[in-house]
1. How high is the FRET efficiency from residue 262 to residue 153, r the C-beta distance, R0 35 Å, rounded to 0.05?
2. Is the range 83-217 best put as rounded, prolate or oblate by its Cα gyration tensor, with a ≥ b ≥ c the root eigenvalues, rounded for a/c under 1.5, and otherwise prolate when a/b is larger than b/c, oblate when not?
3. Taking H as built 1.01 Å from N, whose amide H comes closer than 5 Å to the amide H of residue 354, not counting residues under 5 places away?
4. What ranking of 5, 334 comes out by heavy-atom accessible area, probe 1.4 Å, highest first?
5. Looking at the square roots a ≥ b ≥ c of the eigenvalues of the Cα gyration tensor of the range 48-151, which shape do they give, rounded for a/c under 1.5, prolate if a/b is larger than b/c, or oblate?
6. When the chain is fully extended, how far beyond the present Cα-Cα distance does residue 84 get from residue 230, taking 0.36 nm per residue of separation?
7. For the range 194-207, what does the Karplus curve 6.51 cos²θ - 1.76 cosθ + 1.60, with θ = phi - 60°, yield as ³J(HN,Hα) per residue in whole Hz, taken in order and with x for Gly and Pro?
8. Return the sequence-ordered ³J(HN,Hα) values of the range 43-58 in whole Hz as given by the Karplus equation 6.51 cos²θ - 1.76 cosθ + 1.60 applied to θ = phi - 60°, using x for Gly and Pro.
Amino acid sequence: MLSPSVESQLHKLPWVCEDVLQGPNDCGSLLGFRSVYRMCFATAAFFFLFTLLMICVRSSRDPRAAIQNGFWFFKFLVLVGITVGAFYIPDGSFSKIWFYFGVVGSFLFILIQLILLIDFAHSWNQQWLGKAEECDSRAWYAGLFFFTLLFYALSIAAITLMFIYYTEPGACHEGKIFISLNLTFCVCVSIIAVLPKVQEAQPNSGLLQASVVTLYTMFVTWSALSNVPDQKCNLHLPTAGGNQTLGDYQTQWWDAPSILGLIIFLLCTLFISLRSSDHRQVNNLMRTEECPAVLEATQQQQQVAAFEGRAFDNEQDGVTYSYSFFHFCLVLASLYIMMTLTNWYSPNETQKMISTWTAVWVKICASWAGLCLYLWTLVAPLLLPNRDFS
């Protein structure tokens, strides 16, 4: 939808530009923006419908479970119908209102991404430490040390580059404060992660997880600085006469933070899908509280069915993941990719696409909330010793 060839075809439709009177170029600068918003509105609405539909589904005996795991033709038909209908929504205040939905959803999805990265780092650390003990080899310890050092080195490089390219002497005070604060917070959580009491309560806690959190925090900080609406403090802002002129017909949305954000988005969405459908021992966020343990007899039946090439229903006694929350994650993912594809821009009063401080503050606050969340995972066993956090 953001490609010039698709924009040129949309531009021919009479209903697309009926509310823009400044001319075809002004309309062209909004086509990709409006199209992405409507596409992502359709996917978000589709997954939100399933979020409501799948509430309290406990096992495959529930008739709604058949809808979750089947009826693919009709589900795709519904998605296509919602998508077509979304393109006939009069713009009016739709883009402005949906922008704030995207802001809130993206904030939550950034936190979910951090939770998934922490979970991935925990699993990674636990597996390599286990292999090191099994094989009695120091190579696994060396591997953990190497990647921890690499992530911290990349974080330091990111901090240096952000100070060079996103700050100016005597100006860009907000950027300097954001970088300095997040650097301080990351140093603090890294120190807390290796404190003796924390290590005693959380044996699997270590610098690998802290380095992953630090690197992701620096990425979110970089992404926030790329939305600062000040030409002196943001090299990503379009300049008049350049190839990124937003009044021009061929709008250029892509920049380095957006591309990297899309890569992380794809990896995290894939991780959500694999973790919630293939693993029973998943963090409590992604599975139902009442999910019972699989009995040995059931496991044997599943192995026999797999050997014979038959499908085996392993959710008759309880679903292996929360259907409703899974779809809710995809609602947030739809909103996040909508904001990422459009660089968090929004049209101003003259229908020109601009960056706003709203995007900056949402990303910075999301980085702070993520650090607080990680800090809580470290200190919670100390503050609540009677609870099981394993």
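The values are calculated or read from the model by the stated rules, or taken from the named source; none is laboratory data. What you see is a predicted model, and the numbers here were worked out from it, not measured in a lab. With ideal geometry, Cβ positions are generated from the backbone for all residues, glycine too; neighbour counts draw on all protein chains shown. The accessibility values were calculated without ligands, DNA or RNA, using every heavy atom of the protein model including side chains. Shrake-Rupley method; radii C 1.70, N 1.55, O 1.52, S 1.80 Å.
1. Numbers: r = 24 Å, r/R0 = 0.69.
My answer for the efficiency is 0.90.
2. Working: a/c = 2.75, a/b = 1.59, b/c = 1.73.
Verdict is oblate for the range 83-217.
3. Residues meeting the criterion, in which the H sits 1.01 Å from N, are 346, 348.
4. Values: 5 75, 334 10 Å².
Final ranking, largest accessible area leading: 5, 334.
5. oblate
6. Values: separation 146, 0.36 × 146 = 52.56 nm, distance 3.73 nm.
Here the answer is 48.8 nm.
7. 10, 5, x, 5, 5, 5, 5, 7, 10, x, 7, 6, x, 6
8. The phi angles translate into 5, 5, 5, 4, 6, 5, 4, 6, 4, 5, 5, 9, 4, 6, 7, 9 Hz.
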